[in-house]
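*Asks:* Got a structure for you, questions after.
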Amino acid sequence: MALAILMHLAVSTCSAMILGLAWGKLNYGIALVSLLIGAVAGIWGWQSSKDEKRLFPEVKFVQALFYGFILFAALQHFLYLLYYDRNSINTLHAYNFGDLSMHLQYIRYIAHGAHFWPDNPEFAGDLLRYPIGMDLYNALWENIGVPADSHLFLAGIIMTVVTISLLHKWMGWLGVGAFFLNGGLANWQSILEKRLYDFQDTVAWKNFFLSLWITQRGFLFAIPAGIYVIKMVTETDYCGIISGSKAEKVDSCKFKIFYGVVGTAPMIKQCPVNLECTVAHTLDLGSHVLIIGKIEETYINDNCLTDGKPDITKIKPFMYTSYEESYRQIGDVLAKAFHVGKSLKGKEA
């Protein structure tokens, strides 16, 4: 479900950007079509990721209470992110005075027909360079008539649920708590002195949840998307550094296992691509044994296919580089294989 929501948001925003550039601006039709395309992508992602349908798998009662407390706090803060009092517009936190007005300006500027790519509404003669992904997404809802306080609230609370879900699957309740309930030790002084006072009067206290998650709207998509990617890299690294004789990797990483035509080789459902192999040869190299396998069958997730063929942009493979002990993602296309070399034909010495 978390992946489906991320896909909906990303596809809706990208569709609106492409259509906006083609049409010259956003309008009601483009906003509606973009959201519908995003909805289809989200449903497709939900159906394709059968093991990701539950937001909180294997959650315990105490964990549920803990997550409920965080969601209650998020409900309060996003519910009062933007509210109206007679003729005034209000927000709950002083942290938001500058950020919220800027984001509202961008959302309404784009929704009301700004030429694509938009000029910067604050600096004349310059293009808008701020990362407006989330603001563009909210501008779609603004364009079809959803009130600003409603779509800002829904986007904030839904992405909070998604982030809690992904952190729960990656790091458990400790990771969720570290992310949403951090704040430093500034208030310990009041506890030690056994008296209450406003410690923010003398200390520039900051909390990630209040000062960044609520105010910096780009994080609403960037952080859960990043967690989803980092989770896969973390699991890959763990499986490489921990011996199967010392730990049960399937349980540690919460892998879902399936078997193919061979019937004895366990494969991981969460992996976009699985190669089912049998042992063809073993070579004793002294320091270790090199095992050469024969690929018997290849399994690719449906959401990594385009027109029935593997799509590397959807698989998003990464590789280990031993000299720097890092993981690197495969980049852009450099040239067309079996074609670019033809330019040297006839020039042989």
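No lab work stands behind these numbers, since they all come straight from the coordinates. Here the structure is a predicted model, which means the values were calculated and not measured. All Cβ positions, even for glycine, are placed from backbone atoms using ideal geometry, and neighbour counts span all protein chains on display.
*Asks:* Of all alpha-carbon pairs in the range 258-349, indicate the percentage at a distance above 19 angstrom. Mind showing how you got there, number by number?
*Replies:* Numbers: 2793 of 4186 pairs.
Result for the distance tail: 67 percent.
*Asks:* Per DSSP helix of 4 or more residues, -39500 (n - 2.57); summed, then divided by the residues of the chain. What does that give at 222 nm, rounded to the nearest 500?
*Replies:* The helix-only estimate for the chain comes to -15000 deg cm²/dmol at 222 nm.
*Asks:* Placing unit charges on C-beta atoms (Lys and Arg positive, Asp and Glu negative, everything else neutral), compute the dipole magnitude of the chain about its Cα centre in debye, rounded to 20.
*Replies:* 360
*Asks:* Where does helix 148-180 land angle-wise versus the long Cα axis of the chain, in degrees 0 to 90, nearest 10?
*Replies:* 50
*Asks:* If we count other beta carbons within 10 Å of each Cβ, what is the order of 242, 292, fewest first?
*Replies:* On the way: 242 14, 292 10.
Final ranking by Cβ density, sparse to dense: 292, 242.
*Asks:* Here is a further query. Kirkwood Rh over Cα pairs of the chain into Stokes-Einstein at 10 °C, 1.306 mPa s: D in µm²/s?
*Replies:* On the way: Rh = 24.1 Å.
Taking Rh from Cα pairs, D becomes 66 µm²/s.
*Asks:* Related question: State, in angstrom, two size descriptors of the range 1-98 derived from its alpha carbons: Rg to one decimal place and Dmax to the nearest whole number.
*Replies:* 18.5, 52
*Asks:* Using the basic label-point model (7 angstrom from Cα toward the beta carbon), what is the residue 192 to residue 112 distance in nanometres?
*Replies:* Going by the 7 Å Cα→Cβ label model, 5.3 nm.
*Asks:* I would also like to ask the following. Give the residue list of trypsin sites (Lys or Arg not before Pro) in the range 31-125 that are DSSP loop and have at most 16 other beta-carbon atoms within 10 angstrom. Let's see the in-between values first.
*Replies:* Numbers: sites: 50, 53, 54, 60, 86, 108; in loops: 53, 54, 60, 86.
Sparse-neighbourhood loop trypsin sites (Lys or Arg not before Pro): 53, 54, 60, 86.
*Asks:* Exposure proxy check: 171, 7 ranked by fewest other beta carbons within 10 Å? Could the numbers behind the result be given before it?
*Replies:* On the way: 171 16, 7 23.
Going from least to most buried by this count: 171, 7.
*Asks:* Quick check: the angle from helix 2-23's long axis to the longest principal axis of the chain, C-alpha only, nearest 10 degrees?
*Replies:* Result, in degrees: 80.
*Asks:* Additional query: State, to one decimal in nm, how far the label point of residue 144 lies from the label point of residue 43, with both points 7 Å from Cα in the Cβ direction.
*Replies:* Placing both labels 7 Å along Cα→Cβ, they lie 1.3 nm apart.
*Asks:* Note down the nm distance, to one decimal, between modelled labels 7 Å out along Cα→Cβ at residue 279 and at residue 314.
*Replies:* So the two model labels end up 3.6 nm from each other.
*Asks:* Pick out which of 112, 168, 339 has the largest mean-square fluctuation in a Gaussian network model of the chain, springs linking Cα atoms closer than 10 Å.
*Replies:* Answer for the Gaussian network model of the chain: 339.
*Asks:* On to the next question. Given a Förster distance of 25 Å, report the FRET efficiency between residue 329 and residue 174 from their Cβ-Cβ distance, rounded to the nearest 0.05. The partial results should precede the final answer.
*Replies:* Working: r = 28 Å, r/R0 = 1.11.
The calculated FRET efficiency here is 0.35.
*Asks:* Cβ neighbours within 10 Å, averaged per peptide: list 262-268, 113-119, 33-39 in order, most packed at the top.
*Replies:* Details: 262-268: 13.1, 113-119: 14.9, 33-39: 18.6.
Answer by packing, highest mean first, reads 33-39, 113-119, 262-268.
*Asks:* Which of the listed residues, 305, 147, 104, is farthest toward the dipole's positive end in the chain, when Lys, Arg count +1 and Asp, Glu count -1 at the beta-carbon?
*Replies:* Highest projection toward the positive end goes to 305.
*Asks:* Using only Cα atoms, tell me the angle between helix 61-79 and the longest principal axis of the chain; keep it within 0 to 90° and round to the nearest 10.
*Replies:* 50
*Asks:* At q = 0.13, 0.16, 0.19, 0.20 Å⁻¹, what log₁₀ I(q)/I(0) does a Debye calculation on the Cα points of the range 91-170 give, no solvent, two decimals?
*Replies:* Log-scaled intensity ratios, in q order: -0.48, -0.69, -0.90, -0.96.
*Asks:* Based on other C-beta atoms within 10 Å, arrange 144, 227 from fewest to most. List each step's numbers first, then the result.
*Replies:* Details: 144 14, 227 22.
Taking fewest neighbouring Cβ atoms as first place, the list is 144, 227.
*Asks:* Also, I was wondering about something else. For residue 214, which sequence-distant residues (separation of 5 or more, or a different chain) have an amide H within less than 5 Å of its own amide H, given hydrogens modelled in the peptide plane?
*Replies:* Here nothing satisfies the definition.
*Asks:* Take the Cα pairs of the range 198-290, get the Kirkwood Rh, then feed it into Stokes-Einstein at 37 °C and 0.692 mPa s and tell me D in µm²/s.
*Replies:* Values: Rh = 17.9 Å.
For these conditions, the coefficient is 184 µm²/s.
*Asks:* Relative to the present Cα-Cα distance, how much length would full extension add between residue 80 and residue 242 at 0.36 nm per residue of separation? Spell out each step's value before the answer.
*Replies:* Details: separation 162, 0.36 × 162 = 58.32 nm, distance 4.67 nm.
Length difference between fully extended and current span is 53.6 nm.
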